[in-house]
Amino acid sequence: MKARLQDAIAYIRTQSSVTPVAGIVLGSGLGNFTANMEIEVEIPYGDIPNFPVSTVEGHKGRMILGKLDGKPIVVMAGRFHFYEGYSVEEVVFPIRVLKMMGIQTLFISNAAGGVHPDFEVGDLMIINDHISFFTPNPLVGPNDPEMGPRFPDMSEPYNKELIAKAKAIGAELNIRLHEGVYTGVTGPTFETRAEYRLIQLVGGHAVGMSTVQEVITAVHMGLKVFAISVITDLGIREEDNVITHEEVLAAAKAAEPKLTALFRGLIARG
Ligand code: HPA
């Protein structure tokens with residue numbers, strides 16, 4: 001695996017001289033973050049050796065290198081989901097690439113269904129912990145001790161200082177922020193009513209089809225992680241509750257300016 005990672009990084013280095021300090025993974029419908037960047041280069045995933053290629057609508061599938069407010073960063077516009085048929089190794093491959101490119105902090109966004117009664121569509125939830133709802137663990141298999149420990153501690157996967165900073169920025173910018181537990185599922189089905197209720201019962205506040213495997217990989221490699229969900233639909237409602245991918249994308253897009261402002265503030269202060 002190391003050779004495959006090194007090939008990817010060697011190619012990226014031929015395209016860009018940026019040594020990023022932070023990496024950002026943009027979730028469904030959240031691709032416009034890069035409008036604020038001074039972009040050096042955009043690399044389609046298909047050009048990067050050993051990179052999987054993104055297929056889902058709303059994911060642009062490009063790695064973007066450049067600066068945000070003077071800070072060198074790398075953005076992944078589009079990610080790989082287990083439900084697309086990628087192996088869990090493929091899902092987390094880009095996270096390992098970002099770490100080996102030099103990032104110290106990983107910022108992750110996603111679209112998620114809310115199961116907390118206070119949540120409304122369009123709200124943001126800072127992830128302070130997660131539950132893997134039967135998503136395969138990306139660290140199963142031989143461990144390379146140069147990458148990280150065999151049995152990584154997961155008591156604080158989401159960096160507390162970054163959470164505190166995000167809350168301060170949210171208060172300054174008047175952005176309504178929740179904090180809670182993200183429950184990772186494989187998808188691609190949205191949950192049944194009974195499953196949404198079960199997720200609430202086990203202590204989840206939001207549910208989505210990404211992030212958990214990426215965060216496990218990032219923590220394994222010693223990265224600081226900040227992650228946030230855009231609540232794009234509500235899982236627990238009395239009325240008819242049909243959820244569509246279109247509505248998820250539209251809600252994510254509508255909430256994007258808030259998310260962008262928050263990430264931008266965090267990177268500027270980081
Ligand atoms: N469930 C799972 N994944 C999701 C949802 C949801 O309700 N909304 C957006 N991604």
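Considering only alpha-carbon pairs that sit under 8 angstrom and 6 or more positions apart, the relative contact order computed for the chain is 25 percent. Span-like helix check, the chain: qualifying full DSSP H segments, with Cα axial length of 30 Å or more and mean Kyte-Doolittle of -1.0 or more, are 245-269.
Around the amide H of Ala111, modelled in the peptide plane, lie the amide H atoms of Ser28, Val230, all under 5 Å away and 5 or more residues distant in sequence or on another chain.
Measuring between their Cα centroids, region 94-136 and region 182-243 lie 9 Å from each other. How much net charge surrounds Lys71 when only other residues with a Cβ under 15 Å from its Cβ are counted (Lys, Arg +1; Asp, Glu -1)? Value of the local net charge: +2. List the residues of region 235-269 whose backbone N lies under 12 Å from a point placed 7 Å from the Cα of Ala168 along the Cα-to-Cβ direction. Zone members listed by number: 266, 269. Other residues within the sphere of radius under 13 Å centred on the Cβ of Val21, judged by their own Cβ, net out at +4 (K and R +1, D and E -1). Across region 62-219, Cα pairs under 8 Å and at least six residues apart give a relative contact order of 34 percent. Local charge sum around Val121 (other residues, Cβ-Cβ under 9 Å, Lys/Arg +1, Asp/Glu -1)? Result for the neighbourhood of Val121: -4. So, in the chain, how many Lys pairs have Cα atoms under 22 Å apart, if the pair is 8 or more places apart or on different chains? Number of lysine pairs found: 25. Packing here is the average count of other Cβ atoms within 10 Å per residue, and on that basis the peptides 42-52, 209-219, highest first, run 209-219, 42-52.
Applying 0.36 nm per residue to the separation of Thr192 and Arg176 and subtracting their alpha-carbon distance, the gain on full extension is 3.0 nm. Considering only Gln213, Thr19, Met147, and ranking their Cα positions along the charge dipole of the chain that arises from unit charges at the beta-carbon of Lys, Arg, Asp and Glu, the one farthest toward the positive end is Thr19.
Qualifying GluC sites (Glu not before Pro) in region 112-167, where qualification requires a DSSP coil assignment and no more than 14 other C-beta atoms within 10 Å, comprise Glu120, Glu146.
Which of Leu259, Met63, Phe82 sits farthest toward the positive end of the charge dipole of the chain, with +1 on the Cβ of Lys and Arg and -1 on the Cβ of Asp and Glu? Result: Met63. For the chain, the Stokes-Einstein estimate of translational diffusion at 10 °C and a viscosity of 1.306 mPa s comes to 86 µm²/s, using the Kirkwood hydrodynamic radius over alpha-carbon pairs.
For the listed peptides 196-202, 96-102, a ranking on the average number of other beta carbons within 10 Å per residue, highest first, reads 96-102, 196-202. Peptides 6-12, 170-176 ranked from most to least packed, by the mean per-residue count of other Cβ atoms within 10 Å: 6-12, 170-176.
In a simple Cβ point-charge model (Lys, Arg +1; Asp, Glu -1; nothing else charged), region 56-178 has a dipole of about 420 debye relative to its Cα centre.
Its Cα centre serving as origin, the chain has a Cβ charge dipole (Lys and Arg +1, Asp and Glu -1) of approximately 840 debye.
Only the coordinates and a few stated rules stand behind these numbers; no lab work does. The structure presented is a predicted model; accordingly, all values stated were derived computationally and were not measured. FYI the Cβ positions are ideal-geometry reconstructions off the backbone, even for glycines, and counts take in every protein chain you see.
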